[in-house]
Amino acid sequence: MTRFDPAFVRAQFPAFSVPELADKAFFENAGGSYACGQVIDRLIRFYRERKVQPYGPYAASASGGEEMDEARARLAPMMGIKTHELSFGPSTTQNTYVLAQAFRRHLKSGEAIVVTDQDHEANSGPWRRLGEEGVEIREWRIDAETGHLDPGALSPLLSDGRVRLVCFPHCSNVIAEINPVAEITGLAHEAGAATCVDGVSYAPHGIPNVAELGADIYLFSAYKVYGPHQGIMAIRETLGMALPNQGHFFNGETLYKRFTPAGPDHAQVAASAGIADYFDALHAHHFAPESDAGKRAMAVHALMRAHEVGICQPLLDYLAARNDLRLVGPRDANRRAPTVSVALDRPAEPVSEALADYGINCWAGDFYAVRPLRALGIEPEAGVLRLSMVHYTSADDVARLIAALDEVL
């Protein structure tokens with residue numbers, strides 16, 4: 001098959017067979033997606049059969065360690081990186097904080113970091129706090145009307161050659177425009193700077209090839225990519241080994257342990273291999289066999305995106321035609337992730353509560369995106385109504401949402 005099969009996709013998610021969820025349309029995927037069955041099965045198996053200290057000489061322990069290694073070995077080639085360039089942490093926020101501490105010790109006097117006001121606070125706050133340590137922080141600002149992050153506005157910030165790191169999102173969790181990562185990374189590298197890309201809001205729509213993007217660091221959250229609550233980080237070997245070790249001193253020569261100060265969550269790391277199982281199941285169902293994991297991942301990425309663009313555009317068209325709200329971000333579904341934020345003429349949270357009465361599960365608020373909302377002139381206290389989809393969202397779900405919005409608004 002090459003045609004997207006929604007029935008097969010939804011069958012992979014046990015949530016859709018739960019009576020309390022099956023009759024609801026789920027539009028809070030940007031806050032955390034449903035877990036696929038492959039991840040759930042691995043997590044249950046680990047807790048039932050392998051919940052011991054891993055890597056020991058006996059069978060249960062050895063199997064646990066093998067599953068943890070399998071997660072790294074399966075996910076890394078999907079991202080176009082070496083196995084040891086992928087590490088796990090308790091969350092993307094924690095991974096970013098640990099990275100910031102490494103850069104705090106690594107940067108020399110007079111060197112600078114660029115951050116944006118388009119970011120979720122997790123990829124902004126830890127870097128900005130380094131300003132208290134004497135690091136110069138330069139802000140790359142969005143357009144106040146559109147939320148667009150213009151690569152042309154980055155060049156002046158890099159012109160003196162003192163920037164060593166540029167931190168920006170693949171796409172914002174409220175604006176959702178897909179930023180040209182390869183172009184931005186190229187600009188940073190020409191100026192002698194590395195890049196740290198927050199992919200949390202992008203990866204659920206297709207795990208990207210980090211090597212092709214050119215990113216030096218790429219971060220995303222497994223629990224938003226149909227998996228367990230873990231942060232996943234890709235970091236180039238040359239950069240990772242140059243930064244000061246943040247783990248135990250005796251683990252300093254192992255790249256994937258250098259940025260894990262605490263012991264890993266064995267069960268959740270092992271269960272993350274289920275993400276690869278799921279992507280491979282999608283590929284096997286829709287495409288001819290392919291031995292290359294990276295090519296399989298990119299084919300599934302394209303499959304997901306095509307479906308999401310198709311279901312998102314009618315919602316964008318509907319919202320753009322209304323004069324009682326402000327649609328945040330691009331109106332063309334091809335230019336954005338299907339995370340749709342709307343500023344209303346009233347506080348947004350009561351609207352999300354009202355939509356629940358129509359079987360629409362969504363939420364409203366600032367979503368830790370206080371800086372971009374303020375930059376857009378939207379009061380974080382009023383918040384935005386956020387309607388976020390992924391590939392298991394159906395066209396019928398969207399039609400149901402539009403009908404409910406007609407009633408509630």
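The values are calculated or read from the model by the stated rules, or taken from the named source; none is laboratory data. Model, not experiment: these values are computed from the prediction. Ideal geometry is used to build each Cβ from the backbone, glycine not excepted, and the neighbour counts take in all protein chains shown. In case anyone asks, the SASA skips ligands and DNA or RNA and just uses the protein heavy atoms, side chains included. Shrake-Rupley method; radii C 1.70, N 1.55, O 1.52, S 1.80 Å.
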Quiz item: What aspartates and glutamates could a cross-link reach from LYS108, if we take a straight Cα to Cα line under 17 Å and drop same-chain neighbours fewer than 8 places away?
Solution: GLU132, GLU133, GLU136, ASP160
Exercise. Grab the Cα-Cα distance for GLU190 and ARG335, subtract it from 0.36 nm times how many residues apart they are, and report the gain in nm with one decimal.
Key: 49.6 nm
Quiz prompt | Förster radius 30 Å - calculated FRET efficiency between PHE16 and GLU407 (Cβ-Cβ, nearest 0.05) | solution = 0.75
Practice problem: Kindly provide the helix-only [θ] at 222 nm of the chain, computed as the sum of -39,500 (n - 2.57) over DSSP H runs of four or more divided by all residues, to the nearest 500 deg cm²/dmol? | Solution: -11500 deg cm²/dmol
Exercise. Using just the alpha carbons, could you tell me how many Å³ per residue the convex hull of the range 338-409 encloses?
Key: 86 Å³
Quiz item: Straight-line reach from LYS224: which lysines have Cα under 28 Å away, leaving out those fewer than 8 places along the same chain?
Solution: LYS24, LYS51, LYS82, LYS257, LYS295
Quiz item: Once label points are set 7 Å from the Cα along Cα→Cβ at both ASP23 and GLN313, what is their separation, rounded to one decimal in nm?
Solution: 3.4 nm
Practice problem: Obtain the nm distance between the two label points defined at PHE287 and ARG129 by a simple spin-label model: each point lies 7 Å from its Cα along the Cα-to-C-beta direction. | Solution: 4.0 nm
Exercise. Starting from the Cα of GLU145, step 7 Å along the direction of its Cβ; do the same at ALA399; then give the gap between the two resulting points in nm.
Key: 3.6 nm
Quiz item: Given a 1.4 Å probe and every protein chain left where it sits, what share in percent of the accessible area of the chain is carbon and sulfur?
Solution: 52 percent
Self-check item: Rg/Rh for the range 43-276, where both radii come from Cα atoms and Rh is the Kirkwood radius
Solution: 0.99
Exercise. Quick one: which residues, 5 or more positions from THR116 or on another chain, have an amide H under 5 Å from its amide H? H modelled 1.01 Å from N in the peptide plane, none for Pro or chain starts.
Key: TRP140
Quiz prompt | Table column - 3J(HN,Hα) (Hz), the range 114-128, Karplus curve with 6.51, -1.76, 1.60, x for Gly and Pro | solution = 9, 10, 10, 9, 9, 7, 4, 4, 4, 9, 10, x, x, 6, 4
Quiz item: If each Cα of the range 302-367 is one equal point scatterer, what is log10 of I(q)/I(0) from the Debye formula at q = 0.18, 0.19, 0.27, 0.29 Å⁻¹?
Solution: -0.75, -0.83, -1.24, -1.27
Quiz item: Full extension from GLU212 to ARG105: what is 0.36 nm times the residue separation minus their Cα-Cα distance, to one decimal in nm?
Solution: 35.6 nm
Quiz item: Quick one, what does Rg over Rh come out to for the range 1-153 if you take C-alpha atoms and the Kirkwood Rh?
Solution: 1.07
Exercise. Return the single residue from PHE13, PHE250, PHE220 with maximal mean-square fluctuation; model: Gaussian network over the chain, springs between Cα atoms under 10 Å.
Key: PHE250
Exercise. Return the long-range amide H neighbours of THR195 (sequence gap of 5 or more, or a different chain), with a cut-off of under 5 Å between placed amide H atoms.
Key: VAL166, ASP216, ILE217
Quiz item: More than 18 Å apart: what percent of Cα pairs in the range 227-361 qualify?
Solution: 74 percent
